[in-house]
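Participant: Let me give you the structure first, and then I'll get to my questions.
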Amino acid sequence: MQLQGKVALVTGAGGGIGRAVVAAYLEAGASVVGFDRVAQEDAPGDPRRYRHVVGDVAEWADNRRAVDCAIEAFGGLDILVGNAGIYDDRFSFGDISGEALAEGFDQLFSVNVKGYMLGVHAALPALRERGGCVVFTSSISGRHAGFGGALYVAAKHAVNGLTRQLALELAPLVRVNAVAPGYVETGLQAPPDLTAKGAVPPPDPKRMLLGFLAAPSDIADAYVFLASGKSARNITGTILEIDGGSALRGPGA
């Protein structure tokens with residue numbers, strides 16, 4: 001029960017890694033507010049310790065509303081998990097129209113970067129009050145080319161930079177770290193303008209270095225670890241890569 005008595009807000013909680021993190025946090029003893037753009041009928045754990053907020057992470061007012069929900073329902077906020085994200089299907093930069101590129105940039109960076117900034121800013125007073133922490137979802141694309149298209153790779157590099165800058169600025173009261181998964185079966189989707197025809201499919205699990213393709217539950221405990229005030233109290237500004245060795249072989253693995 002590493003998070004006993006803690007309160008967490010998880011964005012992108014409706015599926016994939018976000019839903020797995022919610023379940024792991026509940027199991028670890030936390031109370032959780034899930035924040036997602038779609039309604040959620042079933043709580044992934046004890047419903048007495050879970051609330052769900054429907055909204056857009058790219059909207060300031062929706063982020064404030066999610067933070068207020070955590071404070072009103074559970075008395076405060078200790079952990080913010082910035083996780084909501086969209087993909088770009090590894091679109092071909094030279095083949096896309098300028099109009100589609102401009103629209104895709106606004107859509108992807110609004111969710112994958114601006115959404116993280118707004119979430120932290122909205123949560124900051126509450127996190128400072130309780131000596132809390134932030135955990136972002138980065139990606140193998142935050143350090144390596146080829147696992148996404150130009151927009152996704154650029155956005156995840158931005159998340160890594162944001163993690164380090166906020167860790168510097170918000171210390172000593174608030175720790176800021178990120179988890180950087182490799183291939184994970186999450187169903188991450190791209191905006192319509194960036195949905196590539198014949199996009200590169202997920203790798204064959206048999207070709208993965210460890211012989212399997214990770215599920216969200218294989219990643220979730222890393223978020224518990226980084227949020228633990230006991231186990232990770234001396235960790236900030238760190239990008240924790242959990243890629244199954246994919247970076248060793250490259251995007252063709």
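Participant: Take Asp106 and decide whether it is out of contact with any His (no Cβ under 8 Å at 6 or more places or on another chain), farther than 20 Å from Val7 by Cβ and part of a loop (DSSP other than H, G, I, E, B). Lay out the reasoning, then the answer.
Facilitator: Values: out of contact with any His (no Cβ under 8 Å at 6 or more places or on another chain): yes; farther than 20 Å from Val7 by Cβ: yes; part of a loop (DSSP other than H, G, I, E, B): no.
Answer is no for this residue.
Participant: Check segment 136-150 and report whether any residue there is farther than 23 Å from Arg249 by Cβ and either surrounded by fewer than 24 Cβ atoms within 10 Å (Cβ to Cβ) or of a type in the set (A, V, I, L, M) (or both). Outline the logic, then answer.
Facilitator: Within segment 136-150, the subset farther than 23 Å from Arg249 by Cβ is 136.
Narrowing further to those that are either surrounded by fewer than 24 Cβ atoms within 10 Å (Cβ to Cβ) or of a type in the set (A, V, I, L, M) (or both): none.
Within segment 136-150, not a single residue is farther than 23 Å from Arg249 by Cβ and either surrounded by fewer than 24 Cβ atoms within 10 Å (Cβ to Cβ) or of a type in the set (A, V, I, L, M) (or both).
Participant: Please verify whether Glu72 is loosely packed, with under 15 Cβ neighbours inside 10 Å, farther than 15 Å from His121 by Cα, among the charged types (D, E, K, R) and modelled with pLDDT of 95 or more, treating the condition exactly as stated. Before you say what the answer is, go through the steps one by one.
Facilitator: Details: loosely packed, with under 15 Cβ neighbours inside 10 Å: yes; farther than 15 Å from His121 by Cα: yes; among the charged types (D, E, K, R): yes; modelled with pLDDT of 95 or more: yes.
Criteria met by Glu72.
Participant: Could you run through segment 15-39 and say how many residues are more than 18 Å from the chain's Cα centre (by Cα), surrounded by fewer than 19 Cβ atoms within 10 Å (Cβ to Cβ) and not in a helix (DSSP H, G or I)?
Facilitator: 2
Participant: In the list Val159, Val120, which residue meets the criterion of being under 15 Å from the mean Cα position of the chain (by Cα) and either crowded, with 23+ Cβ neighbours inside 10 Å or under 23 Å from Phe91 (Cβ atoms) (or both)?
Facilitator: Numbers: Val120 fails: either crowded, with 23+ Cβ neighbours inside 10 Å or under 23 Å from Phe91 (Cβ atoms) (or both).
The conditions single out Val159.
Participant: Suppose we keep only residues that are farther than 20 Å from Ala215 by Cα and of a type in the set (Gly, Ala, Ser) within segment 1-14. Which one would you say is farthest from the chain's Cα centre (by Cα)? Steps first, answer last, please.
Facilitator: As a first pass, look at segment 1-14 and keep what is farther than 20 Å from Ala215 by Cα: 1-9.
With of a type in the set (Gly, Ala, Ser) added as a condition, the list becomes 5, 8.
Working: Gly5: 22, Ala8: 13 Å.
Residue satisfying both the conditions and the ranking: Gly5.
Participant: Within segment 4-14, how many residues are closer than 19 Å to Thr137 by Cα, in a loop (DSSP other than H, G, I, E, B) and touching a residue at least 60 places away in the same chain (Cβ under 8 Å)? Spell out how you get there, then give the answer.
Facilitator: Going residue by residue through segment 4-14, those that are closer than 19 Å to Thr137 by Cα are 7-14.
Keeping just the survivors that are in a loop (DSSP other than H, G, I, E, B) gives 12-14.
Subset that is touching a residue at least 60 places away in the same chain (Cβ under 8 Å): 12-13.
Selection size over segment 4-14: 2.
Participant: Also, quick follow-up: What tally of residues in segment 225-253 results from selecting those that are within 22 Å of Lys6 (Cβ to Cβ), within 19 Å of the chain's Cα centre (by Cα), among the small types (Gly, Ala, Ser) and assigned to a loop (DSSP other than H, G, I, E, B)?
Facilitator: Counting residues in segment 225-253 that are within 22 Å of Lys6 (Cβ to Cβ), within 19 Å of the chain's Cα centre (by Cα), among the small types (Gly, Ala, Ser) and assigned to a loop (DSSP other than H, G, I, E, B) gives 3.
Participant: Pairs, please: C-beta under 7 Å, at least 6 apart or cross-chain, first residue farther than 13 Å from Ala171 by Cα and in segment 122-136, second among the basic types (Lys, Arg) and in a helix (DSSP H, G or I)?
Facilitator: Ala122/Arg64
Participant: Now for a different question. Provide a single number: the residues in segment 115-142 that are outside any loop (DSSP other than H, G, I, E, B) and farther than 30 Å from Pro203 by Cα. Full working, then the answer.
Facilitator: So in segment 115-142, the residues outside any loop (DSSP other than H, G, I, E, B) come out as 115-130, 133-137, 140-142.
Of the ones still in play, those that are also farther than 30 Å from Pro203 by Cα are 117-130, 133-134.
Final tally of qualifying residues: 16.
Participant: In this structure, is Ala66 crowded, with 17+ Cβ neighbours inside 10 Å, over 20 Å from Leu162 (Cα atoms) and touching a strand residue (DSSP E or B) at 6+ places or on another chain (Cβ under 6 Å)? Show your work before the answer.
Facilitator: Working: crowded, with 17+ Cβ neighbours inside 10 Å: yes; over 20 Å from Leu162 (Cα atoms): yes; touching a strand residue (DSSP E or B) at 6+ places or on another chain (Cβ under 6 Å): yes.
Yes; evaluated as a whole, the condition is true for this residue.
Participant: Could you tell me whether Leu168 is in contact (Cβ under 8 Å) with a residue 40 or more places away in the chain and surrounded by fewer than 18 Cβ atoms within 10 Å (Cβ to Cβ)?
Facilitator: Details: in contact (Cβ under 8 Å) with a residue 40 or more places away in the chain: yes; surrounded by fewer than 18 Cβ atoms within 10 Å (Cβ to Cβ): yes.
Against the criterion (in contact (Cβ under 8 Å) with a residue 40 or more places away in the chain and surrounded by fewer than 18 Cβ atoms within 10 Å (Cβ to Cβ)), Leu168 qualifies.
Participant: Tally time: how many residues in segment 190-208 are assigned to a loop (DSSP other than H, G, I, E, B) and either farther than 21 Å from Ser138 by Cα or modelled with pLDDT under 80 (or both)? Steps first, answer last, please.
Facilitator: Step one: of segment 190-208, the residues assigned to a loop (DSSP other than H, G, I, E, B) are 190-191, 195-204, 208.
Those still in the list that are either farther than 21 Å from Ser138 by Cα or modelled with pLDDT under 80 (or both) too: 191, 195-204.
Total satisfying the criteria: 11.
Participant: Any residue at all in segment 164-172 that is at pLDDT 95 or above and closer than 15 Å to Val81 by Cα? Steps first, answer last, please.
Facilitator: Going through segment 164-172, the residues at pLDDT 95 or above turn out to be 164-172.
Checking the rest, the ones that are also closer than 15 Å to Val81 by Cα come to 166-167.
Yes; the residues of segment 164-172 include at least one that is at pLDDT 95 or above and closer than 15 Å to Val81 by Cα.
Participant: Across segment 199-251, which residue is farthest from Val179 (Cα to Cα) among those that are acidic (Asp, Glu) and in contact with a helix residue (DSSP H, G or I) (Cβ under 9 Å, 6 or more places away or on another chain)? Write out each step before concluding.
Facilitator: Of all residues in segment 199-251, those acidic (Asp, Glu) come to 204, 218, 221, 241, 243.
Then keep just the ones that are in contact with a helix residue (DSSP H, G or I) (Cβ under 9 Å, 6 or more places away or on another chain); that gives 218, 221, 241, 243.
Values: Asp218: 12, Asp221: 10, Glu241: 6, Asp243: 10 Å.
By that ranking, first place goes to Asp218.
Participant: Listed residues Ala222, Ala145, Ala167, Ala180; which is farther than 21 Å from Ile17 by Cα, out of contact with any Phe, Trp or Tyr (no Cβ under 8 Å at 6 or more places or on another chain) and outside any loop (DSSP other than H, G, I, E, B)? Steps first, answer last, please.
Facilitator: Details: Ala222 fails: farther than 21 Å from Ile17 by Cα; Ala145 fails: outside any loop (DSSP other than H, G, I, E, B); Ala180 fails: farther than 21 Å from Ile17 by Cα.
After applying the criteria, what remains is Ala167.
The values are calculated or read from the model by the stated rules, or taken from the named source; none is laboratory data. Since the model is a prediction, treat every value here as computed from it, not as a measurement. FYI the Cβ positions are ideal-geometry reconstructions off the backbone, even for glycines, and counts take in every protein chain you see.
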